[in-house]
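Notes to accompany the following structure.
The values are calculated or read from the model by the stated rules, or taken from the named source; none is laboratory data. Since the structure is predicted, the reported quantities are computational estimates derived from the model, not experimental observations. Reconstructed Cβ throughout: ideal geometry from the backbone, glycine too, with neighbour counts over all protein chains shown.
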Amino acid sequence: DAKTTQPPSMDCAEGRAANLPCNHSTISGNEYVYWYRQIHSQGPQYIIHGLKNNETNEMASLIITEDRKSSTLILPHATLRDTAVYYCIVRVGHTGNQFYFGTGTSLTVIP
Amino acid sequence: SAVISQKPSRDICQRGTSLTIQCQVDSQVTMMFWYRQQPGQSLTLIATANQGSEATYESGFVIDKFPISRPNLTFSTLTVSNMSPEDSSIYLCSVGEGGYGYTFGSGTRLTVV
C-alpha cells in the first residue's frame with residue numbers, strides 16, 4: 001500500500017518555481033523517497049530520490065525535512081512541458097525492490 | 001538507462017479472448033515488473049517477472065488471469081486472459097538494473113469490447 005499523501009492537483013505559472021509537497025509520516029529509517037512523473041499517455045519517468053539529505057539534479061531539487069516525515073519536490077523554472085502527474089513514493093532500500101505508486105499530484109503549468 | 005520496446009502499443013479485443021503483451025529491453029536487466037493503469041487511476045503493480053522461475057504476483061492478481069513469462073534477461077511477456085471490459089487499461093513494463101531510477105515502457109493501451 002502507498003505510504004504517501006499528496007495534494008490531488010496544483011497549478012503553477014510558467015517560469016515560476018513549482019513546489020510539490022508530499023507527506024510520508026510513517027517512513028522508516030531504511031526507506032528512500034523517490035519522485036516520478038507521468039506525462040499524458042507516456043510511462044512514468046524517474047526524477048530524483050533521496051534518503052535524508054537534500055538532493056539536486058538537472059531536473060529538480062528534493063528537500064526532505066529533518067524528521068523525514070515530509071518532502072518537497074521543486075521544479076525551479078516550470079515550463080508547459082512539466083505539466084504531468086507527479087508521484088512521491090517511499091521504498092525500502094535503493095535497489096531490487098518494487099515501486100508502489102500512490103495517487104500523485106496533477107500539476108498544470110499555466111502560460 | 002535501458003530502452004524498452006513494448007508491443008502492441010494498443011489493441012481492441014473481444015471479451016473472452018486473450019492478449020499477449022511483449023516487453024523487449026535493449027540490455028540485460030535484473031528486475032522486470034508489470035503494472036496496470038486503469039482509466040484515470042494511478043499505477044498498480046501486477047507482478048515481478050523472475051528470470052527462469054515463476055513470477056511473483058501482488059495481492060489481487062493471479063497467474064491464471066495474468067500469466068507471465070521471462071525466458072531471458074531482456075524479454076518478458078504478460079498475457080491478459082479471458083478478457084472482460086474491466087480489463088481495459090494501460091499495461092506497462094518496467095525494468096531496473098539495481099540502480100535507483102527504474103525505466104518504464106510507453107505502455108499497451110487495451111480496450112475490451
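Table for the structure above
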item: Leading residue by the ranking (nearest to the other protein chains (Cβ to nearest Cβ)) among those in the range B:90-113 that are crowded, with 22+ Cβ neighbours inside 10 Å and touching a Pro at 6+ places or on another chain (Cβ under 7 Å); result: B:F104
item: Test: B:S5 is of a type in the set (G, A, S) and at pLDDT below 95; result: no
item: Some residue of the range B:40-47 being away from chain A (no Cβ under 12 Å) and either in contact (Cβ under 8 Å) with a residue 24 or more places away in the chain or surrounded by 13 or more Cβ atoms within 10 Å (Cβ to Cβ) (or both); result: no
item: Conditions (1) touching an Asp or Glu at 6+ places or on another chain (Cβ under 6 Å); (2) under 23 Å from B:A2 (Cα atoms); (3) at pLDDT 95 or above: number failed by A:V90; result: (3)
item: Of the criteria (1) hydroxyl-bearing (S, T, Y); (2) more than 9 Å from every other protein chain (Cβ to nearest Cβ); (3) surrounded by 14 or more Cβ atoms within 10 Å (Cβ to Cβ); (4) in contact (Cβ under 8 Å) with a residue 12 or more places away in the chain, which one B:S84 fails; result: (3)
item: Selection from the range B:23-37 of residues that are out of contact with any Leu (no Cβ under 8 Å at 6 or more places or on another chain) and within 12 Å of chain A (Cβ to nearest Cβ); result: B:M31, B:M32
item: Listing of strands (runs of 3 or more DSSP E) fully contained in the range B:1-56 that carry 3 or more residues being polar (S, T, N, Q); result: B:19-25
item: Check on A:S28, under 25 Å from B:S94 (Cβ atoms), surrounded by fewer than 19 Cβ atoms within 10 Å (Cβ to Cβ), more than 14 Å from chain B (Cβ to nearest Cβ) and not charged (D, E, K, R); result: yes
item: Which listed residue is more than 11 Å from chain B (Cβ to nearest Cβ) and closer than 18 Å to A:N19 by Cα, from A:V90, A:V85, A:V33; result: A:V33
item: Sole residue being modelled with pLDDT of 95 or more and touching an Asp or Glu at 6+ places or on another chain (Cβ under 7 Å), chosen from A:L20, A:L73, A:L107; result: A:L107
